[in-house]
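Read through the structure below, which is laid out as C-alpha cells, and then see the notes.
The values are calculated or read from the model by the stated rules, or taken from the named source; none is laboratory data. Owing to the predicted nature of the structure, the values given are computational and were not obtained by experimental measurement. No Cβ is skipped: glycine too gets one built from the backbone with ideal geometry, and neighbour counts run over all protein chains shown. Just the protein is used for accessible areas: all its heavy atoms, side chains included, with ligands, DNA and RNA removed. Shrake-Rupley method; radii C 1.70, N 1.55, O 1.52, S 1.80 Å.
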Amino acid sequence: QVQLVESGGGLVQAGGSLRLSCVASGSISSINTMGWYRQPPGKQRELVASITRGGITGYADSVKGRFTISRDNAKNTVYLQMNSLKPEDTAVYYCNVNVAVINYWGQGTQVTVSS
C-alpha cells in the first residue's frame, strides 16, 4: 500500500501564489509518473500537471505558464507551484502517483481563490 499526504492548500486572493506538496510513503519500490488533478465544484476531476520519473512535464492548457510541477525522487515528493492564481483555479486538488502500474490518490486539499 501507498499513502499520500497533501499539504499547502488554502485561501488566496486572485493573483496570489500557493505551493502544494504531496509526500508518498509505504510500499514504494519505484514511483513512475506523479501528478496533480483538480475537481472544481460541480465539475469532473481534470489533470492539471504531471511529471515522469525522468522529469518530463506536461500541463493543462489552462495552467501553462502559471503552474510548475516538480519532484524530489529521494523524498518521494511532488510539488505544484501555483502563481497568478485565478478564481477559476478554485478546486479540490488531488495528488496522484503511479507505482507498479497502480494509481494512488491523496485525500485532496482545497484551494480557494477569491476575486
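Which whole-number percentage describes the relative contact order of the chain, with Cα contacts under 8 Å and a sequence gap of 6 or more? About 36 percent, as a whole number. Surface composition of the chain: carbon plus sulfur atoms hold 49% of the accessible area, using a 1.4 angstrom probe and ignoring ligands, DNA and RNA. Taking every protein chain into account, the 1.4 Å probe leaves ASP72 with about 50 Å² of accessible area, to the nearest ten. Rounded to the nearest 20 debye, the dipole size of the chain about its Cα centre is 100 debye, using +1 on the Cβ of Lys and Arg and -1 on the Cβ of Asp and Glu.
Here is the list for segment 1-54: trypsin sites (Lys or Arg not before Pro) lying in DSSP coil, each with at most 13 other C-beta atoms within 10 angstrom of its C-beta, are LYS43, ARG53. Counting charges near MET82 (Lys, Arg +1; Asp, Glu -1) among other residues having Cβ under 12 Å from its Cβ returns a value of +3. Excluding ligands, DNA and RNA, the accessible surface per residue across the chain is 51 Å² with a 1.4 Å probe. Where does the Debye-calculated log10 I(q)/I(0) of the chain sit at q = 0.13, 0.16, 0.19, 0.23 Å⁻¹, using only Cα point scatterers of equal weight, no solvent? Here the Debye-derived log intensity ratios amount to -0.44, -0.67, -0.93, -1.32.
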